[in-house]
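Worksheet: the structure to be examined is printed underneath.
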Amino acid sequence: MPELPEVRAHAERMTAALADDVLDGVTLLGFSSLKTFDPPPDAAVGSALQRVGTRGKHLLLDFGDTTHAVHLMQGGRLRPDPKEAKKPRGGLFRWTFADGGSWLLTEAGTERKAGVWVLRGKVEGQPPLDGLGPEADTVDAEQLAAMFAAHSARVHTMLRDQRVLAGIGRMLANEICHRAKVSPFAQTSSMGAEDTERIAAAMHDAIEEALAVERERDDMSSSADRPSRVHNHTGEPCPECGDEVRAVEYKAYTVNYCATCQTDGKVLADNAMSKFGVRDAPPKKRPKRSRR
């Protein structure tokens, strides 16, 4: 899923291409993609796009009185649409501009979770932006410490909680924990001042580096194209110490880490029910059979 760096860089590209261009029309291609009913999706027709901003993982197409909030989810992309096919593959929503041509929201796969919210007036506090935490790259160590104290969870889990911090996903969470040399399974309640400062610094560095790379691109990267130290590098050498990058596999995602750098050499058991530091679950005892 695109995270803060990918979404923000894409918003900058869209602003450069479309700022001050007048919206000529919109086309709803997938019924489920429109998440609001009032105002209608064509309420911004005739208005100029002022800019494309972001909030967390959302793109915000600002037409003045009306804003289109777009969430790409896992497989969504918003790109120029020169062909303007009537039934584009994976097509969900199309914007047509007076000078900038058409831009198409698509989503790969069959889930169809990407969507558009048409908002009137001030967008903060309205769905889908209501309840979002502050932008992750604006949070300092003192603020992060307060968040750790208020939210008891594994560090990796809390970093990805959009209600606490907006913009961090699975990849950044893996990279931040590795840079900070903190176990992804460590509890937020156990984080001391030094750990918190390292995590805050790692968070800012990881976001800044990813954003710099993304700004060099002409289009949003795929997950496989994004530079990383441990994310998606299971079995490869850790770039810091040379130990093997390990993984804890879940149904929807993978936690990557280095045991030497992050867990004092302890290997995390590869299932959600295992406790920190347990290599393998103890074998179940078989009942003794009676001999007759």
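A short reminder: the numbers here are calculations on the coordinates, not readings from a lab. All of these numbers come straight from a predicted model, not from anything done at the bench. With ideal geometry, Cβ positions are generated from the backbone for all residues, glycine too; neighbour counts draw on all protein chains shown.
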From the phi of every residue in region 160-175, what ³J(HN,Hα) in whole Hz does the Karplus formula 6.51 cos²θ - 1.76 cosθ + 1.60 yield, where θ is phi - 60° and glycine or proline is x?
8, 7, 5, 6, 9, 10, 9, x, 9, x, 5, 5, 4, 4, 4, 5
What do you get for Rg/Rh of the chain when both radii come from the Cα atoms and Rh is the Kirkwood radius?
1.06
Just checking the chain: which Cys have no other cysteine's beta-carbon under 4.7 Å?
177, 241
Estimate the FRET efficiency between residue 86 and residue 153 by the formula 1/(1 + (r/R0)^6), using the beta-carbon distance for r and 45 Å for R0, to the nearest 0.05.
0.45
Of all DSSP beta bridges in the chain, what percent run antiparallel (nearest 5)?
95
Say each of residue 16 and residue 219 gets a label point 7 Å from the Cα, pointing the same way as Cα to Cβ; how far apart are those two points in nm?
1.6
Normalising by the residue count of the chain, find the relative contact order in percent from Cα pairs under 8 Å and 6+ residues apart.
16
Checked region 31-180 with the C-alpha gyration tensor, a ≥ b ≥ c its square-rooted eigenvalues, rounded below a/c of 1.5, otherwise prolate if a/b is larger than b/c and oblate if not; verdict prolate
Using θ = phi - 60° and the Karplus form 6.51 cos²θ - 1.76 cosθ + 1.60, what ³J(HN,Hα) does each residue of region 120-137 get, whole Hz, x for Gly and Pro?
10, x, 5, 7, 5, x, 9, x, x, 8, 5, x, 6, x, x, 4, 4, 7
List 73, 171 from most exposed to least, where exposure is judged by having the fewest other Cβ atoms within 10 Å.
73, 171
Distance between region 86-146 and region 66-81 - C-alpha centres, whole angstrom
6
GluC sites (Glu not before Pro) restricted to region 116-147 and DSSP loop, no more than 14 other C-beta within 10 Å
124
Using R₀ = 22 Å, calculate the FRET efficiency as 1/(1 + (r/R₀)^6) where r is the Cβ-Cβ separation of residue 190 and residue 163; round to 0.05.
0.55
The answer for the longest stretch of the chain without any exposed chymotrypsin sites (Phe, Trp or Tyr not before Pro) (DSSP loop, at most 16 further Cβ atoms within 10 Å) is 38-249
Using Cβ contacts closer than 10 Å as the measure, can you line up 12, 208 from fewest to most?
208, 12
Between 180, 85, 43, where does the largest GNM mean-square fluctuation fall for the chain, given springs only between Cα atoms within less than 10 Å?
85
Longest principal axis of the chain (C-alpha) makes with the long axis of helix 4-18 (C-alpha) an angle, in degrees to the nearest 10, of 10
Could you give the C-alpha radius of gyration of region 136-262 expressed as a fraction of 2.2 N^0.38 Å, taking N as the number of residues it contains?
1.02
Part-to-part distance (alpha-carbon centres) for region 3-19 and region 152-211, which is given in Å:
24
